[in-house]
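Read the structure below first, then the notes.
The values are calculated or read from the model by the stated rules, or taken from the named source; none is laboratory data. Just so you know, these numbers come straight off a predicted model, no measurement behind them. We place every Cβ from the backbone using ideal geometry, glycine too, and count neighbours over all the protein chains shown. Side chains are part of the model used for accessible areas, which takes the heavy atoms of the whole protein and leaves out ligands, DNA and RNA. Shrake-Rupley method; radii C 1.70, N 1.55, O 1.52, S 1.80 Å.
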Amino acid sequence: MEALNSPNDAAPVLVIGAGPVGLTMACELARHGARCRIIDRAPEPSQTSRALAIFPRTLEILETMGVVEPFLDGGLPLHGLSLHHGAEQIGQVDFNSVASPFPFALALPQSETERLLSEHLTRHGIAIERGVELTALMQNSDAVRAVLRHSDGREEIVETPWLIACDGAHSTTRHALGMDFTGAQYDESFILADVQLASSLVRDRIHLFLGADGLLGLFPFKENRWRIVANIPPQSREQTLPEVTFEEVQRLLERRAPSGYRASDPVWLSRFHISHRKVREFRQLRVFLAGDSAHIHSPAGGQGMNTGMQDAFNLAWKLALVVGGAAPTQLLASYHAEREPVASEVLNLTDRITRMATMRNSLAQNVRDFLLPRVSGIDFVGNKIADRLAELAVNYRKSPIVENHGVGKLKAGDRAPDADLRDESSQARRLFELFRAPRHVLLIFLGTAAAAATSEQIGSALQGLPENTVDSYRITRGRSNLPAELRDLSGLAHAAYGLTSGGSVLVRPDGYIGYRSDGFDPIPLREYLARTFVVA
Ligand SMILES: Cc1cc2nc3c(=O)[nH]c(=O)nc-3n(C[C@H](O)[C@H](O)[C@H](O)COP(=O)(O)OP(=O)(O)OC[C@H]3O[C@@H](n4cnc5c(N)ncnc54)[C@H](O)[C@@H]3O)c2cc1C
C-alpha cells in the first residue's frame with residue numbers, strides 16, 4: 001500500500017468521477033483558482049450518446065466557462081418540441097421565446113459533451129486519472145480519507161479536505177456513507193436506439209408521438225441521425241431485460257409513428273429500467289454529492305445531465321472561495337439549501353411528464369389528448385413549460401445566502417438577466433460578458449439619481465474584501481453625464497433589473513443575484529459582503 005498523502009501535499013479537492021458533472025466540477029474549480037484531483041475508474045472515456053439535449057441554462061454556463069463555441073459547432077440546435085398523435089400534430093412547445101442568448105436546446109451526444117469538457121480541463125492543466133477507483137472512504141471533521149485502487153492493483157490512501165462525489169447513479173461514495181437514495185423504479189422499461197431515419201419530420205425539433213400503446217420520442221442529432229426512445233409497458237419487474245433487436249425498434253416505429261417511417265443503420269440499441277430517487281442531504285460533513293449520485297430521474301424532459309452540471313456550477317465557486325481562505329466554510333451549507341429543492345422540482349416535473357406520456361388507461365389517454373392541444377397552444381403555458389425545460393425558471397430566492405431589499409419582480413436569488421450596454425469608449429458590452437469573470441459583480445444602476453454613487457462609497461462597501469473577489473460597475477441610464485463605467489442607452493438593462501430609478505445588484509459567480517436593493521446603501525451591502533467573505 002502506498003504512503004498516505006497528507007492534506008498539505010495533495011490538492012484540496014478530490015473529485016470522484018469524470019462524467020459530465022465531475023468534469024464541470026473540475027473545470028470550474030480550476031477556473032476559480034482551486035486545485036483539484038479528478039479520478040475515474042473507467043480506463044477509457046464513455047462512447048455512448050446517453051444525454052442528448054443541452055438546455056439553454058446549461059449553454060449559458062458553458063459560455064461562462066469559456067467553452068460554449070465547440071459545443072455550438074458540434075451540436076444541432078432544436079427550436080422546440082412537437083407533440084403528435086399519429087399523423088396529427090396536437091401541441092407544441094417553442095424555445096424561441098426563452099429569454100436567453102441560446103433560445104434552443106442543443107442536440108449533442110453525451111460522449112461529445114464529455115470529450116469537449118475533458119479537452120477544456122486539459123487546457124486548465126488538469127489530467128483525468130483514469131483506471132483509478134474509489135473503493136472506500138471515511139471522514140471526520142478535519143478530513144476525508146479515501147481508498148483508491150489503481151488499475152495495476154496498487155492501493156493508495158488519500159487524505160483530502162473535501163471530496164466531491166460525481167460518481168453517478170450507483171455512487172460508491174453514497175453507499176460508503178450509508179446515505180439513503182429514496183424513490184422507486186418505474187414499472188415501464190424503455191428502449192433506446194440511435195439510427196438513421198427516413199421520415200417527413202423537420203430536423204430542428206424534438207418529436208413526441210403519444211399513442212394508445214405508448215410513447216415514441218424522436219430526437220434529431222448531427223450526421224443525419226435520430227435517437228428513438230419508446231416506453232414498453234411492464235410485463236414483469238425483472239431487472240434482467242431481453243436485448244433489444246433492431247426489428248423490435250422498427251415494429252415500434254410502425255405502431256406508434258405515421259406510416260412509412262423506416263429506421264436503418266443502428267449504432268446503439270439499449271433497453272433499461274428507470275428510477276426516480278434522491279438523497280435527503282447533498283452533503284455529509286466534508287463530502288458533497290452532485291449529479292446522478294444525488295438524484296436520478298426519468299429521461300423524460302432530458303434534465304438529468306443538465307441538472308447535474310448545474311449542481312457542479314453552484315458548488316465550485318463556493319468551494320474555491322473556501323479553500324482559498326476567502327470565504328467562511330458556512331458558505332458551503334448553501335449548496336444543499338439551493339440545489340436540493342431544484343432536484344426535488346426536477347423529479348416532480350419529470351415524474352409528471354413520464355406518467356402523462358406513458359398512461360395506459362384509454363379514458364385518461366383521451367382526456368390527455370383532448371387537453372394537450374388546448375393547453376400547450378396557450379402562450380403562457382407553452383412559455384412556462386419552455387422556461388422550465390430550459391432550466392431558466394430555477395431560482396434560489398429561499399436561499400440563506402441571498403438578501404433582497406425593496407420591491408420588484410426580479411429578486412435576490414433569481415438568475416441575473418443579460419442586457420446590452422456601452423463601455424466608456426462606446427464599445428458594446430453584454431452583462432453576461434462581465435459575469436464571465438470568476439468573481440462577484442456589483443452593478444450599481446444609477447437610474448434617475450441626481451448624483452452618482454461615489455467611488456469612495458463603493459470603496460467603503462468593498463473595503464477589506466479578499467483580493468479579486470468583487471468587480472464593480474456603475475451604469476447610467478439614457479444620455480446621463482454622471483461618471484460611470486457603463487452606459488445603458490436604451491434603459492433596457494435598468495428595466496430588466498426592475499431598477500429604472502436606480503439600485504444595486506450583486507451578481508454571484510454562478511450568475512444568480514446574491515443581493516438586490518432598490519437603492520445603493522453601502523452599509524447593508526457591506527454587512528452582506530462581510531457575511532459572504534472573510535473580511536480583513
Ligand atoms: C439512456 C440514457 C439516456 C439519457 N438521456 C438524457 C438526456 O437526454 N438528458 C439528460 O440531461 N440526461 C439524460 N440521461 C441522464 C444522464 O446520462 C446522466 O444524468 C448523466 O450521465 C449524469 O452525469 P454524472 O456525471 O452525474 O454521472 P455519470 O455520467 O454516470 O458519470 C459517473 C462517472 O463516475 C465514474 N465512477 C463511478 N464510480 C466510481 C468510483 N467508485 N471511482 C471512480 N470513478 C467512478 C464512472 O466511471 C463515470 O465516468 C440519460 C441517461 C441514460 C442512461
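Ranked highest first by average number of other Cβ atoms within 10 Å, how do 190-197, 89-96, 146-153 line up? Intermediate results must be reported in sequence, preceding the final value.
Numbers: 190-197: 21.0, 89-96: 18.1, 146-153: 14.8.
The packing order, highest mean first, is 190-197, 89-96, 146-153.
Step through the residues of the range 297-302 one at a time and calculate ³J(HN,Hα) from phi using the Karplus curve (6.51 cos²θ - 1.76 cosθ + 1.60, θ = phi - 60°), rounding each to whole Hz and writing x for Gly and Pro.
Coupling constants for the range 297-302: 9, 4, x, 4, x, x Hz.
Output the peptides 299-307, 394-402, 21-29, 212-220 sorted from most to least packed, where packing is the average of other Cβ atoms within 10 Å over each peptide's residues.
Details: 299-307: 24.6, 394-402: 18.3, 21-29: 29.6, 212-220: 20.4.
By packing density, highest mean first, the sequence is 21-29, 299-307, 212-220, 394-402.
Give the carbon-plus-sulfur fraction of the accessible surface of the range 403-532 in %, rounded to a whole number; probe 1.4 Å, heavy atoms of protein chains only. Let's see the in-between values first.
On the way: 2690 of 5570 Å².
That fraction is 48 percent.
Using a probe radius of 1.4 Å on heavy atoms only, what accessible surface per residue do you get for the range 190-310? Whole Å² is fine. Before the final figure, lay out each step's value.
Details: 5030 Å² over 121 residues.
On a per-residue basis, 42 Å².
From the P(r) of the chain, can you give the percent of Cα pairs sitting at distances over 39 Å? Could the numbers behind the result be given before it?
Numbers: 43339 of 143380 pairs.
Within the chain, distances greater than 39 Å cover 30 percent of Cα pairs.
Equivalent ellipsoid semi-axes for the range 78-208, as square roots of 5 times the alpha carbon gyration tensor eigenvalues: give them largest first, rounded to whole Å. Could the numbers behind the result be given before it?
Values: eigenvalues 345, 82, 54 Å².
Values for the range 78-208, descending: 42, 20, 16 Å.
Report for the range 403-532 the percent antiparallel among DSSP-assigned beta bridges with both residues inside it, nearest 5.
On the way: 15 of 28 bridges.
The antiparallel fraction comes to roughly 55 percent.
Restricting to DSSP loop positions (anything but H, G, I, E, B) with no more than 15 other Cβ atoms inside 10 Å of their own Cβ, which GluC sites (Glu not before Pro) remain in the range 459-536?
The qualifying sites are Glu467.
Find the relative contact order for the chain and round it to a whole percent, using C-alpha pairs within less than 8 Å whose residues are 6+ positions apart.
Numbers: 1157 pairs, mean separation 80.6, N = 536.
About 15 percent, as a whole number.
Quick check: the angle from helix 56-65's long axis to the longest principal axis of the chain, C-alpha only, nearest 10 degrees?
With rounding to tens, the tilt is 50 degrees.
What is the packing order of peptides 287-297, 257-267, 172-182, taking the mean over residues of other C-beta atoms within 10 Å and listing the highest first?
Details: 287-297: 28.0, 257-267: 15.0, 172-182: 16.5.
Averaged packing, sorted descending, gives the order 287-297, 172-182, 257-267.
Would you compute, from DSSP H runs of 4+ residues alone, the mean residue ellipticity of the chain at 222 nm, taking -39500 (n - 2.57) per run and dividing by the full residue count, rounded to the nearest 500? It would help to have the intermediate numbers written out before the result.
On the way: 14 runs with 158 residues, N = 536.
Helix-only estimate at 222 nm: -9000 deg cm²/dmol.
For the range 403-532, what is the accessible area per residue in Å², given a 1.4 Å probe and the full set of protein chains?
Values: 5570 Å² over 130 residues.
Computed with neighbouring chains in place, this is 43 Å² per residue.
As a test, work out the antiparallel percent of DSSP beta bridges whose residues both lie in the chain, rounded to the nearest 5. Intermediate values should be presented prior to the final figure.
On the way: 75 of 107 bridges.
Of the beta bridges lying entirely in the chain, close to 70 percent run antiparallel.
Name the aspartates and glutamates eligible as straight-distance cross-link partners of Lys384: C-alpha to C-alpha under 18 Å, and not fewer than 8 places from it in the same chain.
Within reach: Asp94, Glu345, Asp351, Asp414.
Using unit Cβ charges (K, R positive; D, E negative) and no other charged atoms, how large, in debye to the nearest 20, is the dipole of the range 403-532 about its Cα centre?
Result for the range 403-532 is approximately 260 debye, rounded to the nearest 20.
Tell me, what % of the accessible area of the range 140-188 is carbon and sulfur with a 1.4 angstrom probe?
Values: 920 of 2070 Å².
With neighbouring chains kept in place, the figure for the range 140-188 is 45 percent.
Once amide H atoms are built 1.01 Å from N in the peptide plane, which residues 5 or more positions from Gly211, or in another chain, come under 5 Å H to H?
Correct list: Leu216.
With the contact rule set at Cα under 8 Å and sequence spacing of 6 or more, what percent relative contact order holds for the range 184-275? All intermediate terms of the calculation are to be shown ahead of the outcome.
Numbers: 178 pairs, mean separation 41.6, N = 92.
In percent, rounded to a whole number, it is 45.
Using all alpha carbons of the range 184-275, what is the percent of pairwise distances in each 10 Å bin, ordered from the shortest bin to the longest?
The calculated distribution, bin by bin, is 17, 51, 27, 5.
Which of Ser171, Phe95, Ala263 sits farthest toward the positive end of the charge dipole of the chain, with +1 on the Cβ of Lys and Arg and -1 on the Cβ of Asp and Glu?
Projecting each Cα onto the dipole axis, the largest value belongs to Phe95.
I need the per residue convex hull volume for the range 413-536, using only the alpha carbons, in cubic angstrom as a whole number. Show your work: numbers first, answer last.
Numbers: hull volume 12.0 nm³, N = 124.
Spread over its residues, the Cα hull of the range 413-536 gives 97 Å³ apiece.
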